[in-house]
Amino acid sequence: MQPVRGTRDLRDDVLRRYRAIQHIADEKAKVYGYNPIETPIFEYTSVFTKPLGETSDIVGKEMYTFLDRGGESITLRPEGTAPVVRAMMSEGLTQTLPQRRILQGPMFRYERPQKGRYRQFYQISIECLGIKTYHADVEVIAFAYDVLMALGIQDVVLHLNTLGDMESRKAYRAALISYFEAHRVSLSDDSLVRLEKNPLRILDSKDPRDQAVSAGAPKLTDYLNAESAQFFDSVCKALTALHIPYKLDSTLVRGMDYYCHTVFEFKTANLGAQDTILGGGRYDGLMEQMGGPSMPAVGWACGMDRLELLARSIVVSEAVPVACILPFSEAEEIPALALAHRLRHANCYVEVLLAGNIGKRLKQVVKKGATYAILMGEDEMKSGVYSVKNLIAEEGDANKEQRLTVEQVLTLLTNLS
């Protein structure tokens, strides 16, 4: 019995780091005013095919899609933005704007497993809907930067670009089509399909033939109108004022038509070829494309699997019992369980070691890292006073071994916890 290829069991320190990352993201979300949302891990397939497009790699090659028993086409969630936008519409949240949301959870894509990339992966995404000015773009980038810094991931570079507004993008699209048409013989088969439906996606291609052609393609910045240029200039000036360093990257694009204005990625040299750890941008046209009202929006997503690889410096030590209770015989076992129950109600992590030689059990207590061993024998039961050994005190210390009542044990351990 093995896990499905591309999946894994999370446990111990790795799982603790995942939870620490989630906690840090949640704490930053509170500061920025982002409220939590959880969407189902599966949706009607159209939730993803409408915005992502039939020619995208996600839809064409990576989605886990199946027919349920009712004959409906269902897809396991490959990304978080479309489900959040769907929720905004189906829950009537578009009537209360702006909406700031954070989503954390598993996503599913059928792709080749590699370092930091799995078929079931975990993602944090934030979405800010209802703000059309550049302030929202700066806000989400600052949010992302703060999360990365809080995780101690400082060896990252913010890559920044603009796609302009729809008018600028339309002019650029026409220029790209003209350019790529003149280089059809050099393009891959996949990019020939993209040329007909979405030429910007050729710029995303990983095929060396397409990359060689794209190197000479027109630059989008040459097709920005005055309004788009001003929008991007404001974003850059604000990031400088916030002391968030960035690198202008004219090759950074998004193929989907609903993206506009700011696009960005945080990249690192510490993960090999898979260098992007967080990416996002403005997607003003998405909700309308999904059948809702026109809605300005901007957000980002990051893979927790890659974050965990980069955040190994997070100290997530295993929980250690503050005390272990050792009954001498079967007669003291139930009183030992009752004492443990009372201590746990006072938020003390204690364990009861029932069976075996008392000397061996004492060695177990030391191995577990507990501070105290509480011994319960016949005399202790009669007197109501227990022998409590301090396992970290030096020999000769007056507190090395004490005789304490239940109330005194409670006080001792709650003060330590």
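Every number here is computed from the coordinates shown, using simple stated rules; none is lab data. Bear in mind the structure is a predicted one, so any value in this text is a computation, not a measurement. Glycine gets a Cβ as well: all are built from the backbone with ideal geometry, and neighbour counts include every protein chain shown.
Structure values in brief
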| quantity | calculated |
| --- | --- |
| Virtual paramagnetic centre 7 Å along Cα→Cβ of residue 226, amide N under 16 Å, in the stretch 159-182 | 165, 168 |
| Segment residue 379-residue 330, length gained on full extension (0.36 nm per residue, minus Cα span) | 16.2 nm |
| In nm, spacing of pseudo-spin labels at residue 318 and residue 41 (7 Å Cα→C-beta vector) | 2.7 |
| Fluctuation leader among 213, 352, 263 - the chain, Gaussian network, Cα springs under 10 angstrom | 352 |
| Reachable lysines from residue 28, criterion Cα separation under 30 angstrom, eight or more residues apart if same chain | 115, 132, 237, 247, 267 |
| Nearest 10 degrees, 0 to 90: helix 134-150 Cα axis against the chain principal axis | 40 |
| C-alpha long axis of helix 358-368 to longest principal axis of the chain, angle in ° | 30 |
| Extension reserve of the residue 288-residue 1 stretch, reckoned as 0.36 nm per residue once the Cα distance is removed | 98.7 nm |
| Anisotropy class of the stretch 164-288 from Cα gyration tensor, a/c 1.5 cut | oblate |
| ³J(HN,Hα), Karplus 6.51/-1.76/1.60, whole Hz, each residue of the stretch 406-413, x for Gly, Pro | 4, 5, 5, 4, 4, 4, 4, 6 |
| Modelled label reach - residue 142, point 7 Å along Cα→Cβ, the stretch 17-45 residues with backbone N closer than 16 Å | 28-34 |
| Amide proton proximity set for residue 323, modelled H, under 5 Å, gap of 5+ | 351, 371, 372 |
| Read-out percent of Cα pairs over 37 Å apart, derived from the coordinates shown; its label in (1) 23; (2) 31; (3) 41 | (3) |
| Residue 159 long-range amide H proximity, modeled H, under 5 Å | 247, 265, 266, 267 |
| Listed pairs 61/197; 61/206; 50/219; 368/389 exceeding 19 Å between Cα atoms | 50/219 |
| Helix 333-345 vs. the chain, principal-axis angle (Cα, 0 to 90°, nearest 10) | 50 |
| ³J(HN,Hα) computed for each position of the stretch 61-72 - Karplus, 6.51 cos²θ - 1.76 cosθ + 1.60, integer Hz, glycine/proline x | 10, 10, 6, 8, 10, 8, 8, 7, 5, x, x, 7 |
| Fluctuation leader among 381, 88, 63 - the chain, Gaussian network, Cα springs under 10 angstrom | 381 |
| Simple spin-label estimate for residue 31 and residue 72 in nanometres, 7 Å along Cα-Cβ | 4.0 |
| Whole-Å distance, taken between Cα centres, linking the stretch 283-334 and the stretch 1-27 | 7 |
